[in-house]
Amino acid sequence: MGISVGLHTLHIRSDYGNWGAGYHYPAVVGAEIAEQIGEQVRKHVARKTCVIICDSNVAPLLAKRVIQSLASADFRAMLITIPAGEKSKTLSQVGTICDRMIAAGMDRQSFVIGLGGGVIGDISGFVAAVYHRGIPHVQIPTTLLAMVDSSIGGKTGVNTRDGKNLIGVVHHPSLVIDDIDVLKTLPRREFNQGFAEIIKHAIVADGRMFKLLRSWKTRSPRRPLALQRLIRRNIEIKSKIVARDERDATGERAILNFGHTVGHAIERAGDYRKFLHGEALSLGIIAACAISIKRTGLSPDERDAIVSLLRQFELPTTLPKNFRRGKVFDALKFDKKFEGGKVRFVVTPRIGAAQVATNVTLADIRAAIEDL
C-alpha cells in the first residue's frame, strides 16, 4: 500500500518590495495534482482564456491532461509548443509566441501558463510580463530544478548571443503548482541536476539541510513524502531570501547566485549543450569554494564535504581535460553579476552562510577555473 501525499500550500509574500509594490502567491506542492490543475487555477486566477507554453519534450506527455483539467474548470486553453532546450530562450521566440497569441485573440484578460522546466518558466514568465504590458503567469514546473528554484522569485528572461538572462524582468507568478508525480519519469541525469540548486541552498542558508542531504537515500531518491518535504523547504529558503531583496537592490538576494558566475560561463562555453544547468552550477560551486577558501576562510574539510555531496548525486566536480578553460574565462565578461566592471562574487565562509565579496579578483576566478 502506497503512502498518501497530501497537498501542501506555501504562501509566498512580501508586503513591501524594493520598488514599493508587494506580492503574494501560493505554491501548491503534492502528488496526483494533474487532474486538479483547473480547480487550483480557478481559485487564484479570475480569467477565462489562457495560453499554455510548453516544449517539445513535455507537450506529448502532459499537455493533453492539463488542457482537459482546465476545460473542466471552464477555461479555454491554447497550446504553444516550442523546441526543447536553452536555444529557444530568445527574443525572437518571444515575438513568435506573442504573434500567435495576438492571432488567437488573447487579450489583457487572458493569462499564461508555463508547463515545463526552467527554460519554459523563464520564457513564459517573460511573455506574461510583456504581453499587453503584463498579464498573470502560472508556473507548472516539471523538473526538480524548476520546482526548487526557477519557479520561485519572479525572475524571467531570455538569452542573447553574448550571455544568459541578459534581457528580463521581475514578474511574480500568480500561482505555482508542483506535482511531484511528474518527477517519476524524469531521466536520472535531469533529476539529479536539480540537486545542484538544492545543495546550493543548503550551502548558503541551511547547514541542517546539508547534513540531511548527506544521508539522503540515493538508491531511492524519489520517495514522495521525502521529496515533498525537500521541495517545500527549498521554496521556503528561496522565498525568504527574495522577500528581503526582491530586485537585487541590497545584495541579499545575490547570495542565491553562489556558483552561478562560473556556472553560467561554463554553460555558455559549452554552447548550452555540453552541460545541463545544474551540472554547470555544480562546477561553479567547486570554483566558488576554491575562492572561498582563499578569501573568506572556508575550511578545506567543508570544501571536501561539498565536493563529496555533489558527487553523491552524480554531479560533475571537474571539467573534462580537453574542455578549454580559457573559453570559460572569456565568457565571464558577459555575466550580469559584473557591475561597472567590478566583480560581485558570492562566497561562503562556512556551510549554511554566504556573502557577496568585494575582494575577489579576476585572477582568483581564473585560477579557480584552471583548477577545475
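General observations
- In units of the rule-of-thumb radius 2.2 N^0.38 Å, segment 40-105 shows an alpha carbon radius of gyration of 1.19.
- Using θ = phi - 60° and Karplus 6.51 cos²θ - 1.76 cosθ + 1.60, couplings along segment 75-91 (whole Hz; Gly, Pro as x): 9, 9, 10, 10, 9, 10, 10, 10, x, 5, x, 4, 5, 7, 7, 9, 4
- In this structure, the amide hydrogen of residue 78, modeled 1.01 Å from its nitrogen in the peptide plane, lies closer than 5 angstrom to those of 50, 51, 52, counting only residues at least 5 positions away or on a different chain.
- With a Förster radius of 51 Å applied to the C-beta separation of residue 362 and residue 222, the computed FRET efficiency comes to 0.80.
- The three principal axes of the Cα atoms in segment 264-347 give end-to-end lengths of 32, 29, 19 Å, sorted in falling order.
- Sequence-ordered 3J(HN,Hα) estimates for segment 303-315 from the Karplus curve with 6.51, -1.76 and 1.60 and θ = phi - 60° stand at 4, 5, 5, 5, 4, 4, 5, 4, 5, 4, 9, 6, 9 Hz, glycine and proline given as x.
- Highest-first arrangement of 290-299, 201-210, where packing means the average Cβ count within 10 Å: 201-210, 290-299
- Within-15-Å neighbourhood charge of residue 241 [Cβ basis; K, R +1; D, E -1]: +1
- Nearest-ten-degree value, helix 118-130 long axis tilted from longest Cα axis of the chain: 60
- Ordered from longest to shortest, the equivalent ellipsoid semi-axes for the chain are 33, 23, 19 Å, each the square root of 5 times a Cα gyration tensor eigenvalue.
- Local electrostatic count at residue 369 - Lys and Arg +1, Asp and Glu -1, tallied over other residues with Cβ under 12 Å: 0
- By a 1.4 Å probe calculation restricted to protein chains, residue 276 has an accessible surface near 40 Å², given to the nearest 10.
- Backbone geometry of segment 275-290 corresponds, through the Karplus equation with coefficients 6.51, -1.76 and 1.60 at θ = phi - 60°, to 3J(HN,Hα) couplings of 10, 6, 4, x, 5, 5, 4, 4, 5, x, 5, 4, 4, 5, 5, 4 Hz, x marking Gly and Pro.
- Summed side-chain charge close to residue 110 - residues other than residue 110 whose Cβ falls under 10 Å, Lys, Arg +1, Asp, Glu -1: +3
- Amide H contacts under 5 Å for residue 55, placed H, 5+ residues apart: 82
- Each helix, a run of at least 4 DSSP H residues, gives -39500 (n - 2.57); summed and divided by the residues of the chain, these come to -12500 deg cm²/dmol at 222 nm.
- The distance between label points at residue 49 and residue 304 comes to 6.3 nm (points 7 Å beyond Cα on the Cα→Cβ vector).
- Between segment 256-283 and segment 190-216, the Cα center-to-center distance that results, in Å: 17
- In terms of the mean number of neighbouring beta-carbon atoms within 10 Å, the peptides 40-51, 108-119, 128-139 order highest first as 108-119, 128-139, 40-51.
The values are calculated or read from the model by the stated rules, or taken from the named source; none is laboratory data. Since the structure is predicted, the reported quantities are computational estimates derived from the model, not experimental observations. Glycine also receives a Cβ, built like all others from the backbone with ideal geometry; neighbour counts cover every protein chain displayed. All accessible areas refer to the heavy atoms of the entire protein, side chains included, with ligands and DNA or RNA removed. Shrake-Rupley method; radii C 1.70, N 1.55, O 1.52, S 1.80 Å.
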